[in-house]
1. Which order do 112, 87, 251, 181 fall in if you start with the one that has the fewest other Cβ atoms within 10 Å?
2. Just need the relative contact order of region 155-275 here, percent rounded to a whole number, with Cα pairs under 8 Å and 6+ apart.
3. Helix 69-82 versus the longest principal axis of the chain: what is the Cα-based angle in degrees, 0 to 90, to the nearest 10?
4. Dividing the alpha-carbon radius of gyration of region 109-195 by 2.2 N^0.38 Å (N being the number of residues), what value is obtained?
5. I'd like the FRET efficiency for residue 240 and residue 48, computed as 1/(1 + (r/R0)^6) with the beta carbon distance as r and R0 of 22 Å, rounded to 0.05.
6. Over the residues of region 1-160, compute the C-alpha Rg and express it relative to 2.2 N^0.38 Å.
7. How tilted is helix 3-12 with respect to the longest principal axis of the chain? Cα atoms for both, answer in degrees (0 to 90, nearest 10).
8. Can you tell me which of 170-177, 30-37, 113-120 comes out highest on packing, and rank the rest after it, using the mean Cβ neighbours within 10 Å?
């Protein structure tokens with residue numbers, strides 16, 4: 001990683017000296033990444049999806065942007081490796097069906113080995129754990145009342161063994177990933193569909209997510225939600241364009257200096273159109 005880009009990336013995470021590789025340092029970087037670099041698809045909504053080259057993603061993060069799993073975990077892996085961590089990339093798949101055992105390649109996840117132990121590390125789920133989880137079977141309680149599960153995943157249809165991560169309280173309660181080492185090139189085809197396909201959820205709906213120790217902020221279209229396991233969920237509808245961009249900048253920490261007045265008008269129009277479709281679906 002270019003030293004200037006790494007410095008800008010670390011500054012985005014709120015640190016200038018991450019120290020030598022250690023579990024404590026890994027946990028601090030993971031927390032900062034979730035809190036400061038949002039899961040977001042603004043450029044996809046505007047028809048100019050960024051590529052998934054990790055160096056490009058790192059430059060975007062240093063400039064105040066976010067991304068989705070291929071961007072977030074891709075760049076985070078590169079940053080961790082540049083700091084001396086032992087990182088492995090894995091092919092995964094998120095599932096609404098808690099019984100699904102397959103891996104469709106729609107997700108990139110990471111494992112990191114440090115201080116003689118392996119950890120499940122994922123800055124790209126949006127609603128994932130605030131800190132890494134030990135890579136061993138078990139139930140893990142985390143801050144704010146969240147509970148997560150890791151369990152072994154048996155081979156299926158020629159795919160090798162792997163892991164299942166469960167988030168019982170989330171909209172996608174299961175994510176499977178394989179032990180095998182993945183490369184970024186293996187995600188290019190799925191990225192093209194996710195970022196340009198008419199039926200892709202990233203193309204259909206504006207989405208931003210940001211995790212902190214207590215819960216998750218979620219923006220889908222014009223609906224802003226705050227989800228805290230200990231308190232429940234609150235939501236409200238954003239009133240106008242100014243409020244939309246204020247929320248993007250303040251709640252999610254996404255800089256707006258790359259968006260022209262034309263971009264803002266186009267994004268607001270898309271958000272309003274999908275919002276009307278969503279309201280109609282709720283009325284059925």
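Every read-out reported here was derived from the displayed coordinates using simple, explicitly stated rules and does not represent laboratory data. From a predicted model like this one, the values you see are computed outputs, not experimental measurements. Don't worry about glycine lacking a Cβ; one is built from the backbone with ideal geometry, like all the others, and counts go over all protein chains shown.
1. 181, 251, 87, 112
2. Numbers: 122 pairs, mean separation 16.6, N = 121.
The normalised contact order for region 155-275 reaches 14 percent.
3. 40 degrees
4. Against the empirical 2.2 N^0.38 Å value, I get 1.15 for region 109-195.
5. For R0 = 22 Å, the calculated efficiency reads 0.35.
6. On the way: Rg = 15.8 Å, N = 160, 2.2 N^0.38 = 15.1 Å.
Expressed relative to 2.2 N^0.38 Å, the Cα Rg reads 1.04.
7. So the helix axis and the longest Cα principal axis differ by about 70 degrees.
8. Ranking, from highest mean packing down: 30-37, 170-177, 113-120.
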